[in-house]
1. In whole percent, and with a 1.4 Å probe on the protein chains, what portion of the accessible area of the chain is carbon and sulfur?
2. Restricting to DSSP H runs of at least four residues, report the calculated mean residue ellipticity at 222 nm for the chain, -39500 (n - 2.57) per run over all residues, nearest 500 deg cm²/dmol.
3. Please give the helix 309-339 orientation as an angle from the longest Cα principal axis of the chain, in degrees from 0 to 90, rounded to the nearest 10.
4. Towards the positive end of the charge dipole of the chain, with charges on Cβ (+1 Lys, Arg; -1 Asp, Glu), say which of Leu162, Phe356, Val386 has the farthest Cα.
5. If the label point is 7 Å along Cα→Cβ of Leu325, which residues in region 291-316 have backbone nitrogen under 16 Å from it?
6. If one puts a single equal scatterer on every Cα of the chain and applies the Debye formula without solvent, what log₁₀ I(q)/I(0) results at q = 0.06, 0.07, 0.11 Å⁻¹?
7. Positive end of the dipole of region 31-141, charges at C-beta (+1 Lys, Arg; -1 Asp, Glu), about the Cα centre: which of Gly42, Phe93, Gln65 has its Cα farthest in that direction?
8. How big, on average over all directions, is the shadow cast by the Cα convex hull of region 360-417, in nm²?
Amino acid sequence: MITDLPESNSSSQPLQPTPTSSIHIAPRLASLDTLRGIGILGALFISIWYFGGFNNNQQNGLLLQSKGLNYRLWGTVELLFDGKMRALISFVFGAGMVLYLSKKNAEEVLPASDLFIRRQMWLIAFGLVNAMLFLWPGDMLFHLGIMGILLFPFVRLSARGLLIAAVIATLIFCGKNYWNYADDLTAYSKFVAVTKVEKKISKDSLAAAQKKIAANNIKKDTLTKQQKDDKAAWEGIVKNKKPDPKKNDEGVKEMRNGSYWKIWNHLLQQTQWREARWTYQTGVWDFAGMILLGMALYKFGFFDAGFSGKKYFLLALAGLAGGLLLGWYRLQYNQYVLQDYTKYIIGHRLPYNIYFPFERALLALSYASLVMLMMRAGFLKFLWWVFARVGQMALSNYLLQSVLCMIFFTGIFMGYFGRLEQYQLYLVVMELWVVQIVFSILWLRYYIQGPAEWLLRCLLYKKWLPNKIHLSVNPAASTTALS
């Protein structure tokens, strides 16, 4: 979950003190903060590609090349992180929804359901600020805000019902991937029909055609406008599948421009596509399956160490094996698509990414299970405490990533867009991690919530709320219970 949902659990100790205010902040669940922090930091491995100008065309070029250090580095990051961190964040968001809407607190000025809807609407607004003002078209806050409202009625379902709903949503996501591929199959079938017509026309000799024209005063056979369009459509699809080195420079000049408004205008189309067309065509199912799974996992007791160590281990092992196998399948067959899409579509009835929704779900579940197993066993306590601090300020840290990347990469400030090698982008990720970890630890020494979380809460309750930790508050109340 991106934001700081109030959480409660009778078996967990609070991670933060309660401010001297009539507005109650419920205790937090350490595992959710930890997983949220991992998701926020891990997602930067993928978003840095787009912040830094390492575009899809370059990535496809590496996959087609299939050799060298850059290819192996990209393949490793793509396989382990792409989509998996978004799924992990969605898990926690779903669990947080159940916690928020199931809490009972007489001090609240409004029912939890009313506050939740209001909160989601503000989350949508934060997402728009992140996308439009901080120039990050890949924002997730907007989608999480919308999905929280859409999935609000599902909170009352049983754990088994939520699990079934999650599987159905994930299958629909697979179906959407097939739907797009089916459009290409249709385009190819039309192309084949046109080529047959062309062959038939070519059989007429020039002499016979001239005689036919002279005798009947008619034109020589040729393709209709629709047939020409069908032929051009498939040729365009094939062309777009192939990496083109010339495309690598597209957009670089615009992103290095020193004018904020020119960069804003350049990114506007991407932002509109992401928050409109992509949302209702794909994004709804992308997020729904994982959020519903997070709800189910919470009700099954996954996040409060309700599983045995053996269950966590088996989930981690099975998820890792299944996810990596599906990931290998996707990358292997994506390579065939880049080599010759016509040959691929003739020999395959399924798209290469048909199983991606299950790939990311399995790997994200594997990561979460592995973390829960080690937390339950008491391993690496300090590391989980650090991640939990980042997770407590997830909204602030997520927005901070956008601001820092805007400063570093765009021409408005430092202008490093498209100037760094792939490995250098990951070094930037490490530097941003250090900044965010230090910022989170220091901030939470003096304040109850991160700045963005505090602002969201003030907007939610329509009043100015205190955020400083008072000396009268027991310091032990603000520590993270990791065991």
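1. On the way: 14530 of 23140 Å².
Carbon plus sulfur share of accessible area: 63 percent.
2. Value at 222 nm, helices only, nearest 500: -22500 deg cm²/dmol.
3. Orientation of helix 309-339: about 30 degrees from the principal axis.
4. After comparing all options, I get Phe356.
5. Backbone N within reach: 314-316.
6. Treating every Cα as an identical point scatterer, log10 I(q)/I(0) equals -0.32, -0.43, -0.95.
7. Comparing the listed Cα positions along the dipole, Gln65 ranks first.
8. Over every viewing direction, the Cα hull of region 360-417 projects on average to 5.7 nm².
The values are calculated or read from the model by the stated rules, or taken from the named source; none is laboratory data. Small disclaimer: the values here were computed from a predicted structure and weren't measured. For neighbour counting, all protein chains shown are included, and Cβ atoms are generated from backbone atoms with ideal geometry for every residue, glycine included. With ligands, DNA and RNA removed, areas are computed over all heavy atoms of the protein, side chains included. Shrake-Rupley method; radii C 1.70, N 1.55, O 1.52, S 1.80 Å.
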